[in-house]
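Worksheet: the structure to be examined is printed underneath.
The values are calculated or read from the model by the stated rules, or taken from the named source; none is laboratory data. Fair warning: this is a prediction, and the values are worked out from it, not measured in the lab. All Cβ positions, even for glycine, are placed from backbone atoms using ideal geometry, and neighbour counts span all protein chains on display. Only protein heavy atoms, including side chains, enter the accessible area calculation; ligands, DNA and RNA are left aside. Shrake-Rupley method; radii C 1.70, N 1.55, O 1.52, S 1.80 Å.
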Amino acid sequence: MERCGRAEAFRLLLLVCWLTVGPVLAQVRHPLPVLWLMPMRENLTAGVGPAVRLALQDLKKQPPPLGNYELQLQLLDSQCDPAKSLKALFDTMWTGPKYMLLLGGVCPSVTALIARSLPALNLVQVSFAATSPSLSNRKWYGNLFSTVPSDRALNQATVKLLQRHKWTRVGIITQETPRLSQMRKDLLRQLLKAEVQVVSTESLSDDVCSSLKTLKDRDVRIIIGQFEEDSAADVFCCAHRLNVFGAGYQWMVVDGGTAGWRLGGLVSSCSDNNLHQAADGSIRLQVRQLRNANTGRAVSGRTPQDYQDSYLRQLIKEGSQFSPLHAFAYDTVWVAAKALSQVMEAAKHREKYSVRRNVTVSEEEVQKMLLEAVRSTQLEGVTGPVFFRNGERMTAIELIQFQGSSGVLVGEFSTSTQQLRLLNHLLKFKGPGPARDRTLARLQRRGVNLLVYSAVSSAAAVTIIITLIVLCFIGIHHKHRLLRSSAGPQDQLLLLGVLLSSSWVLVSGLDGSSVSDWTFETLCSVRLWTLSVGHTVGFTVLLTRTWRVYSLCRIKHQQQRRRQQTGRVVLCLLLLDVFVLTSWQILDPLRRVVLQHRSESDSSDPDVVVRPYSELCSCANMELWLTAVYGYKGPLLGLGCFLAWSIRSVQVGCHLTLSVFAVTVFSASGVTGSLLTSHNPPVQFCVSSVLILCCNIFILSFLFGPTVSHLWVNGGELQGDAAEEEDEDQLSRLNQQLRRRTAQLDVEIETIAMQLSEMSEMLHKRTNNGEVRPVSWTHEAQVCADDRKPSSPEDVNSPELVRRRLSVQLPILHHSYLPVVGGVSSSSSSLFGSRDAFVNQDVLMTTVTSCPPDAAHLEPRHC
């Protein structure tokens with residue numbers, strides 16, 4: 001190996017000597033010293049040497065002024081070491097001669113460092129290998145020009161190809177080299193600017209298949225490969241083993257090479273057929289090496305084919321290796337020669353025709369003139385038109401598709417116009433069209449099944465109709481004694497709660513398939529209000545009824561006051577519910593939220609997955625608001641259960657107890673089922689609707705069923721409402737008469753009390769005096785029905801018996817006729833509905849007007 005290296009270095013030294021001395025010409029040619037910077041131990045140097053030699057030979061044949069100058073190349077070994085290269089450059093510039101231009105620059109690290117020092121050295125560099133995207137910064141590398149397109153141009157072509165086929169999701173696999181790493185960074189920046197999603201960026205490590213497997217697992221269909229040509233066989237072998245090829249995938253290889261397609265030698269685990277099968281259909285982006293044959297001759301007079309043949313003959317003659325950059329090195333020599341000759345002619349012209357004598361052009365002016373000359377260079381080279389924009393070569397990027405066992409040109413990208421031209425008749429894909437950039441996801445809305453919604457809605461409609469019928473029935477027959485004895489307005493509130501909760505079922509089953517998004521969000525608020533207010537009103541009515549029965553049984557002394565406060569409970573709880581719901585609606589209103597479900601494969605198309613989704617109502621702080629609602633409704637349910645359990649033994653509280661427990665059980669079940677099925681809104685709707693309807697039907701059956709059934713069966717009572725109203729009017733008039741009679745009796749009782757008091761005093765005085773006189777009774781209230789004669793007046797009218805009669809008769813009269821303390825009232829129509837009330841009143845009257853057994857001495861006319 002050392003011997004081969006010495007031979008290669010000796011050959012290069014002979015080449016430089018020949019280029020420097022050259023043949024002796026008849027005409028005088030002015031020498032132009034130029035530095036040639038390149039590593040002598042690199043194969044690339046030997047490959048471009050024949051191309052540079054051909055360019056110098058062709059320059060000698062050119063007419064003046066280009067033929068008047070001869071480039072004298074001074075070899076400068078860079079050794080691909082930035083520090084050594086910079087030291088060698090300074091040494092050469094110090095020893096002389098004066099150099100104005102620097103050719104070459106193969107190693108990126110050396111080129112980047114030397115290019116930043118060019119302005120200080122008054123040098124201009126023209127390279128044929130400076131492709132790093134970082135060299136595009138003209139602020140740092142303003143004196144650097146490259147005849148080979150930058151890697152940015154390859155990335156631009158890649159982005160254009162992605163946009164042409166509307167690929168917005170890609171994966172990148174890159175070989176870890178300094179140049180390709182810089183290329184990947186620029187590609188990522190351009191993809192981000194083009195809004196292309198990079199799913200994964202993998203590097204080619206020792207195990208290439210692991211990187212490809214990662215891309216496959218992440219469902220990457222468009223793969224951008226950045227690797228050298230010698231790694232292509234390993235990559236496509238792993239692609240064949242992992243089945244990452246074919247109609248479902250598209251490979252794009254971006255390496256900037258110009259040598260065409262070579263899959264390399266055989267890989268131990270893959271045959272040529274396997275490699276060609278995996279690479280079939282892949283597209284490689286590469287720089288155009290030679291101009292088209294039908295575009296004429298270059299500035300040197302050579303056609304592309306003529307130049308290539310001459311280069312290959314010279315290459316074989318010298319025994320050097322092929323270099324893919326040989327044509328760009330040929331054009332680089334021509335650019336340098338043309339720019340230098342143009343500057344030298346301009347300097348001679350200024351010195352010759354200047355107004356002032358002995359005028360010489362300074363080095364700074366020469367350097368500026370040379371920089372402008374290179375920047376404005378335009379010539380036809382063997383690689384195509386050569387001109388620069390921002391220091392970068394404008395050319396065409398070729399798109400080569402691997403078809404079968406060879407590459408086919410299917411398009412090109414112009415770096416000057418930024419336009420991509422595809423030959424669609426030559427572009428072939430393995431499938432019916434371009435591969436998809438991702439597994440096609442077909443969105444599928446999961447709403448409530450139409451049959452299920454129809455069945456549940458029908459049940460809700462029937463419940464609403466029954467509730468309305470019961471409400472109208474109560475309104476029509478509100479004067480019936482069975483309905484007047486019930487809660488009255490509370491029944492209507494309870495039925496209103498049933499209506500609201502049943503209406504929730506009708507609006508809750510509607511989704512985005514039947515209404516717009518705005519309507520759906522409006523229905524979210526409607527659902528919340530109908531269900532919450534309906535539940536609050538209904539259960540509060542049951543709670544107040546239960547509390548009233550509990551008060552009658554447990555708190556008898558505060559019975560009247562508790563009855564007056566029960567109506568306030570409904571209003572207070574309803575206002576609390578309205579306050580919480582209004583705050584929720586204002587601070588954090590419910591919005592339409594799309595809930596994504598687990599993807600499912602499509603049996604008809606393996607490249608298509610079904611992504612079901614559901615629509616639901618939610619907000620930012622959904623859990624917080626639900627906790628607030630459950631926080632005050634939960635204790636109410638617990639209090640209702642406690643009161644219902646306390647009155648379970650009361651006969652009138654049996655149905656009420658069952659209703660309270662039923663509402664509590666259905667409410668707890670509904671909340672639990674709703675939370676457990678929140679990930680599946682259709683199931684949540686079915687569970688909640690069934691529980692709500694069952695609860696409503698239970699309440700209608702237990703609380704209103706017996707009353708409505710009794711009135712329906714006893715049709716005579718319903719048909720005799722007019723006669724019943726007439727009887728009630730008569731009873732009302734009779735009640736007024738009894739009230740007036742009560743007032744008269746009160747006056748008479750007071751008169752009798754006064755007379756008895758006077759008689760008691762007289763009897764007391766006579767007893768003390770020993771006189772006994774007969775007493776005559778004049779008031780009719782003192783008569784008795786008994787004909788028995790008393791033994792003596794003194795016994796009947798003794799003070800003790802008089803006080804006994806007063807203590808018994810006066811309270812009976814008050815309790816019998818005063819409506820305030822339990823007597824007959826015009827509003828107590830239920831008492832007049834039965835004749836027992838009058839029988840009791842007759843008994844009380846008989847008790848009042850009857851006399852004690854020992855009053856038989858009174859005359860019969862007084863009884």
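With a 1.4 Å probe and all protein chains kept in place, how do E202, E761 rank by accessible area, largest first? Don't skip to the answer; put the middle values down first.
Values: E202 40, E761 110 Å².
Solvent-accessible surface, decreasing: E761, E202.
Which is farthest toward the positive dipole end of region 363-498 among T415, V448, L379, measuring Cα position about the Cα centre, with Cβ charges +1 (Lys, Arg) and -1 (Asp, Glu)?
V448
Accessible surface of C80 in the full protein assembly, 1.4 angstrom probe, to the nearest 10 Å²?
Using a 1.4 Å probe on the heavy atoms, I get roughly 50 Å².
How would R291, R611 line up by accessible area, probe 1.4 Å, largest first?
From most accessible down to least: R611, R291.
Stick to Cα atoms and the Kirkwood definition of Rh, then tell me Rg/Rh for region 586-676.
Taking Rg over the Kirkwood Rh, I get 1.26.
For region 612-692, calculate the relative contact order in percent as a whole number, restricting contacts to Cα pairs under 8 Å that are 6 or more residues apart. Each step should come with its number before you reach the end.
Working: 38 pairs, mean separation 20.2, N = 81.
Once normalised by length, the contact order is 25 percent.
Starting from the Kirkwood radius over alpha-carbon pairs of region 52-189, derive D by Stokes-Einstein at 37 °C in a medium of 0.692 mPa s and give it in µm² s⁻¹.
189 µm²/s
Determine the alpha carbon to alpha carbon distance for each of K139/K216; K139/K352; K193/K338; K61/K84; K61/K87; K61/K98 and list only those over 30 Å.
Result: K139/K216; K139/K352; K193/K338; K61/K84; K61/K87 exceed 30 Å.
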